[in-house]
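The values are calculated or read from the model by the stated rules, or taken from the named source; none is laboratory data. Predicted, not measured: the structure shown is a model, and the values here were computed from it. Note that each Cβ is placed from the backbone with ideal geometry, even for glycine, and that neighbours are counted across all protein chains shown. Calculation scope for accessible area: heavy atoms of the full protein, side chains included, ligands and nucleic acids excluded. Shrake-Rupley method; radii C 1.70, N 1.55, O 1.52, S 1.80 Å.
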Amino acid sequence: MATVVADPENPESLASLAGLDPNARSRVDSPWRIAARRFFRHRLAAAGLIISLLLILSAIFAPVLAPKDPLQISILDKFVPPMTVGYPLGADEVGRDMLSRLLYAGRISLLVGFAAMLVTVIVGTVVGLVSGYYGGTVDAVLMRFTDALLSFPTVFLLLVLASFVGASLLSITLIIGLTSWMELARILRNQTLTLREADYVQAGRALGATNPWLISRHLLPNSLGPIMVAATLNIANAVLSESYISYLGYGIQPPAASWGNMLNNAQNYFRDAPWVALFPGLLITLTVASFNFIGDGLRDALDPRAGRRG
Amino acid sequence: MTAYLFRRLAQSAVLLVLITAIAFGLMRLAPGGPEAVYTLSPTIRAEDIARIRASFGLDQPIPVQYVKWVGGVLRGDWGRSYRDSRPVLEVIGGRIPATLELAGTALVFAVVVGVAIGVLGAIRPHSAFDYLSTIGAMVALSVPTFWFGLMVIYVFAEKLHWIPSGGRETLGAPFSLADRLNHLVAPALVLGLVLVAGWSRYTRAAMLETVNQDYVRTARAKGIAERPVIWGHAFRNAVAPLVTLAGLQIPLLFGGALVTESVFTWPGMGRLFVDSLGYRDYPVMMGVLVATAILVLLGNLLADLLIVFVDPRIRLR
Amino acid sequence: MFRHHDDVMRAAERVRNGKLSRRTFLAAAAAAGFGAPLAEALTRTAPAAAAAPMRQDPPKGGQVIVGLSQEPTVFNPLKSTLEVDRGVQYAIFDSLWRVDPTGNLMPNLATEVPTVENGGISADGLTYTFKIRDDAKFSDGTPLTSADVLFSHELIMNPDFVPGTRVGHDQITEISAPDPATITMTIKETYAPFLYTWADTYIVPKHLLEGVEDPNTNDFTSISPIGSGPYTLAERKAGEYLTLKANPAYHGPGPYLDTLIVKYVPDLTMLFTQFKTGEVDVTGIQGITADNVAEAETLEGKVINKGATAFVEFIYMNFGKPVFQDLAVRQALYAAMDKDNIIGKVYYGVHTPTQSYLADKSWAYNADLEPHAFDIEGAKKILDDAGWAPGADGIREKDGVKLSFSNSTTAGNKVREQAQQYLQQTWKEIGVDMQINNMPAAVIWGDYFNKSEYDSVMVGWNNPPDPDAISRFGSKYIPAKGGAGQNTCQYENPKVDELLEAGVKELDQAKRAEIYKEVQQVLRDDLAYLPIFQYVFVEGTKAGLTNYKQNAFVPSNMWNVFEWYWEAQ
């Protein structure tokens, strides 16, 4: 449940957390180059990037890498332990190959992670920019709604929504995405509030530029930093959320595997077959930690003041 | 100050109305209903199901139900549980102490450990300790809580028999503090661990920020010992954002408590919510959501007020 | 953590347990007309002395912790008949007589069970008269009299009250309590399960419940029930446990324990763990799941009780869906069901295969039904011959109907979900596409099931003592078509209708048995459902706990807590 925590009452601190600095553009070197250099100096972030790339590749190439059909049940091989011939990581409760299942499960878990992140970013960006740019009533209404959703613990919302729509890949993606956009929206809104007073935005407006044009040409590009950070952290968040929904019984339907629902099944069996619970849990942790590290690194890299931090 | 307080409270009230409307609508529109437990009864007939639904008021349009519910709440009547027909406030009131005990212990644990790690990390940035603690905190943040809880139960309860596998106390035994602590320690640590990362990261960042400020340098230059410099000058000024963090962590804390309570069969509000969801006990679900939302809003307000006391530079508008 | 979706469902399914035959027997002699083993037993009721435990002076004292995976919440025994609530109600309340594990009725509050022989039942089988024992008291000291029995009936029939059930009580046309010890009643027409109705009607105190403002929600129901039973509710810690203390005023025999604690452990795996570590002494209701049975049997200091139940596991197919209307499809599905491995591997061989909807201990059970043979090639041939040809995607189809459907069960029932996935795979081999669509109990057993919205469900169904099944398979009992029964699979077969109607009119048990054997034969041949196995319940108790008796005739094995005691180790 990684969350971007910022002080909502203090746009300054938000801007710093989000890596925003309106003056960044005035630097000589391209800010993106600087950021990239900074990012790779952050060793944990670089490690996270490598690990997550490996995980993504293994998910993409699951059909090539998986030794077996992940859905093939061999009831006689129930709970075969790891290191058995034909089952490098053992077999699950109906004798499916754990390794193949983990590889394919990665596809679903990461797909949910990325798709939910997209939903989060789109909703969060639109709400944040619109709210911050227009201000007034629009802002008040949108922000009160945002605050209302923020007042529920996410798990509560996830549960209620999941019981509402029933489990499918699409519904789970939407549920996760729709319960996690609020932080981003607030960050962007507060940033936009200050940005819209900036000279070049005022100038643009004076020259007759339309609102959508101003938002997309000036405000959005300036928001890319915090969006990237939020996007990365939200992938981590979504992978974790998927496992929570599965754990609470509203997850992806069998026989398809996600790391979350593998874990959900395994909790009843880990006395007999600890590996069934161990591997998906480790993979979730690894994935979530990797994306969290990347997000951290991005935040530092995009925050101009980070350089001063030792 | 008073005006500020008043405005914040008014805002919170508006929020609560929004929150309850959203929650009420979502729940009532969801498929299934509290009668499902009964509809499978072999001797039940259509008219019985209708009578059950009517006795819960479910035969009326959702907006009417909502207005009635709000009217009841304003009179202090939060309705009665569908399951055991006790007043919702009583049902929830019975669970709040357990949740506060768990969440409070977890928060204290997280603050102490997190702040310690953060300060130490800031004193020696990029040291081995700094790296290891950063990694550790991040991994703790990334572990699925329920999985970690299950592993803890498996190792420490089932294999080592150090702790009980769940619950809040040993049944049938007289009250004993040691027994209560023994039950509390594992779930509180599991829940607290998720929060440690937040605390250590922000403490570290805030400390790094202040350590390099002029007044800290001045203090150092004046020859004040390192320890008072760190705690007296630097940390004191880093506290403000941390207080805000405490307020903002409340929803995370309650969400985590829901999962932790489920894993450790801890009889708190989180598990009450999960149970009530399974039975579609709408009045209790609403009660838990509203109680949580109130705690969250109050927590945020309290955090904002506290800042004034820890950081005299801040004035509330 | 919470497997309680599963729990709710199992609870609900076990409630069917109590399913009483609504059929009436028109026999002049009620005793002769009792068809079910239960009813048959009524004529040979055991004397009160038989209720006493084998040991004359069981040691007193001690405490028992019963772990339940659901939380008992409703204590008014007339309001909830859910098994989880029943367990606690057995400890707090009494009924007129109890059903013992052999199906005998044993008198409790009544001095004896009425029969035609002892004059308790009139010769026409319509009037029942019996006496209440004079030493029965509610735990507040008030004597329990016939007025309380009368009141309990009136409360059930009170239009403002939402009772667990009115079945049985709605047969009563006249009831009166001429003196404190006597109660007499008349029913509309001969009704075989009538004594069973009263065996499951727990007597509540008139002096506490008469005139309460709201009979449905009150402290009596939720926190302070007062009954005449062996234990009284001393403390309720919602979400955690109930503490019951021995009732010293109990009319006996028993209770022998000082304290009975009912602990809520919301997960069956956790319950088993706590049983192992000694945190609970008894695994109640659902007991030990199949995957833990082997380990349970190796535990020292524990007793593992296994008892056959009247529960049968089925695949129900919704005949409202075109795909299931072809017998060939049903035959192929059944032939491609690998029962040996489902029972042997998925369920660890705990349960026994069956071909019937009835439990094998029913007197009407047909043991000669054609056995099931797992035959993938045979299944393919059946479909080939019937014209179901594989399409491009390997899924068969015929006349524009794809051999594709969903199967649902309660989300969270892990072992059943394994069986479901295994079926999905074997059926795929014969060109059948089954998708899994599981949902929480509060959803699946609502409209989805009752209004026949499903394609197919995997469900465990419990049998009442009587073999009658007209409300499950009779064409007039389809709720989706306005019927009042439970025929949600929308099965319609004139032959079955005819047999089932004849079955409820027939008085002679031997003739009824023949009729129901034929019903089973027709249903087996026509595959109105796909029977899988009959459940065996496995429950653990700590060694030394004596008189724990599994009883298939009651919804909870706490039925006889009055006689539980600890044998010195």
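State yes or no: is residue B:122 out of contact with any strand residue (DSSP E or B) (no Cβ under 6 Å at 6 or more places or on another chain), of a type in the set (A, V, I, L, M, F, W, C), at pLDDT below 85 and closer than 21 Å to residue C:267 by Cα? Spelling it out, it is not the case that residue B:122 is out of contact with any strand residue (DSSP E or B) (no Cβ under 6 Å at 6 or more places or on another chain), of a type in the set (A, V, I, L, M, F, W, C), at pLDDT below 85 and closer than 21 Å to residue C:267 by Cα. Just so you know, in the stretch A:59-84 the residues that are of a type in the set (A, V, I, L, M) and assigned to a loop (DSSP other than H, G, I, E, B) include one that is most open to solvent (accessible area, probe 1.4 Å), and it is A:83.
Regarding residue B:29, is this residue open to solvent by less than 50 Å² (accessible area, probe 1.4 Å), at pLDDT below 85 and facing another protein chain (nearest Cβ under 7 Å)? In short, no.
Would you say residue A:137 is touching a Leu at 6+ places or on another chain (Cβ under 7 Å) and part of a helix (DSSP H, G or I)? No; evaluated as a whole, the condition is false for this residue. Please indicate, with yes or no, whether at least one residue in the stretch C:260-277 is more than 9 Å from chain B (Cβ to nearest Cβ), aromatic (Phe, Trp, Tyr) and in contact with a Phe, Trp or Tyr (Cβ under 7 Å, 6 or more places away or on another chain). No, there is no match, as no residue in the stretch C:260-277 is more than 9 Å from chain B (Cβ to nearest Cβ), aromatic (Phe, Trp, Tyr) and in contact with a Phe, Trp or Tyr (Cβ under 7 Å, 6 or more places away or on another chain). As a summary of the residue check, residue B:110 satisfies the conditions (1) more than 11 Å from every other protein chain (Cβ to nearest Cβ); (2) touching a Phe, Trp or Tyr at 6+ places or on another chain (Cβ under 7 Å); (3) modelled with pLDDT under 85 except for the one numbered (3).
Scanning the stretch A:140-158 for residues that are part of a helix (DSSP H, G or I), among the hydroxyl-bearing types (Ser, Thr, Tyr) and either modelled with pLDDT under 85 or open to solvent by 60 Å² or more (accessible area, probe 1.4 Å) (or both) turns up just one, A:154. Among the residues of the stretch A:260-288, write down those that are within 25 Å of residue A:228 (Cα to Cα), of a type in the set (A, V, I, L, M, F, W, C), open to solvent by 10 Å² or more (accessible area, probe 1.4 Å) and within 9 Å of chain B (Cβ to nearest Cβ). Residue satisfying the conditions is A:286 alone.
Could you tell me whether residue C:446 is free of Cβ contacts under 8 Å to residues at least 40 places away in the same chain, at negative phi, outside any helix (DSSP H, G or I) and not charged (D, E, K, R)? Judged against the criteria, residue C:446 is not a match.
Contact map, the stretch B:51-76: residues that are part of a helix (DSSP H, G or I) paired with residues that are open to solvent by less than 70 Å² (accessible area, probe 1.4 Å) and of a type in the set (Gly, Ala, Ser), Cβ distance under 7 Å, separation 6+ or inter-chain. Pairs shown: B:62/B:25; B:65/B:57; B:66/B:21; B:68/B:57; B:69/B:79; B:72/B:79. Every condition in (1) in a helix (DSSP H, G or I); (2) more than 30 Å from residue B:207 (Cβ to Cβ) holds for residue B:169 except the one numbered (1). Report yes if some residue within the stretch B:124-136 is β-branched (Val, Ile, Thr) and either closer than 17 Å to residue B:206 by Cα or outside the structural domain of residue B:195 (by TED's automatic domain parsing) (or both); otherwise report no. For the stretch B:124-136, residues β-branched (Val, Ile, Thr) and either closer than 17 Å to residue B:206 by Cα or outside the structural domain of residue B:195 (by TED's automatic domain parsing) (or both): present. Checked against (1) more than 21 Å from the chain's Cα centre (by Cα); (2) open to solvent by 10 Å² or more (accessible area, probe 1.4 Å); (3) more than 24 Å from residue A:96 (Cα to Cα), residue A:256 passes all but a single condition, namely (3). Any chance the stretch C:244-259 includes a residue that's in contact with a strand residue (DSSP E or B) (Cβ under 8 Å, 6 or more places away or on another chain), facing chain B (nearest Cβ under 10 Å) and basic (Lys, Arg)? No, the stretch C:244-259 contains no residue that is in contact with a strand residue (DSSP E or B) (Cβ under 8 Å, 6 or more places away or on another chain), facing chain B (nearest Cβ under 10 Å) and basic (Lys, Arg). Within the stretch C:528-564, the residues that satisfy the criterion of being open to solvent by 10 Å² or more (accessible area, probe 1.4 Å) and in a strand (DSSP E or B) are C:535, C:536, C:537, C:542, C:545, C:546. Checking each residue in the stretch C:391-413 for being crowded, with 22+ Cβ neighbours inside 10 Å and basic (Lys, Arg) picks out only C:396. The residues in the stretch C:205-236 that are open to solvent by 60 Å² or more (accessible area, probe 1.4 Å), in contact with a strand residue (DSSP E or B) (Cβ under 8 Å, 6 or more places away or on another chain) and charged (D, E, K, R) can be counted, and the count is 1. Among the residues of the stretch B:74-101, those that are aliphatic (A, V, I, L, M) and within 13 Å of chain C (Cβ to nearest Cβ) comprise B:88, B:89, B:91, B:92, B:96, B:98.
Of all residues in the stretch B:6-16, those satisfying the criterion of being more than 9 Å from chain A (Cβ to nearest Cβ) and without any contact (Cβ under 8 Å) to a residue 40 or more places away in the chain are B:6, B:7, B:10, B:13.
You will find that of A:89, A:99, A:118, the residue that is at pLDDT 90 or above and closer than 20 Å to residue A:286 by Cα is A:99 and no other. Only residues that are over 24 Å from the mean Cα position of the chain (by Cα) and either within 10 Å of another protein chain (Cβ to nearest Cβ) or among the polar types (S, T, N, Q) (or both): list them for the stretch C:281-299, please. Those that are over 24 Å from the mean Cα position of the chain (by Cα) and either within 10 Å of another protein chain (Cβ to nearest Cβ) or among the polar types (S, T, N, Q) (or both): C:294, C:295, C:298. For the stretch C:369-418, the set of residues classified as part of a helix (DSSP H, G or I) and closer than 18 Å to residue A:249 by Cβ consists of C:414, C:415, C:416, C:417, C:418, listed by residue number. Filtering the stretch B:237-286 to residues that are in a loop (DSSP other than H, G, I, E, B), within 11 Å of chain A (Cβ to nearest Cβ) and more than 27 Å from residue B:180 (Cα to Cα) leaves only B:280.
Of the residues making up the stretch B:149-204, those that are small (Gly, Ala, Ser), surrounded by fewer than 19 Cβ atoms within 10 Å (Cβ to Cβ) and within 12 Å of chain C (Cβ to nearest Cβ) are B:172, B:173.
Scanning for something small (Gly, Ala, Ser), modelled with pLDDT under 85 and open to solvent by less than 30 Å² (accessible area, probe 1.4 Å), does the stretch C:416-433 turn up at least one residue? Taking every residue of the stretch C:416-433 in turn, none turns out to be small (Gly, Ala, Ser), modelled with pLDDT under 85 and open to solvent by less than 30 Å² (accessible area, probe 1.4 Å).
You will find that of C:361, C:321, the residue that is touching an Asp or Glu at 6+ places or on another chain (Cβ under 6 Å), in the same structural domain as residue C:426 (by TED's automatic domain parsing), open to solvent by 10 Å² or more (accessible area, probe 1.4 Å) and on the phi < 0 side of the Ramachandran plot is C:321 and no other.
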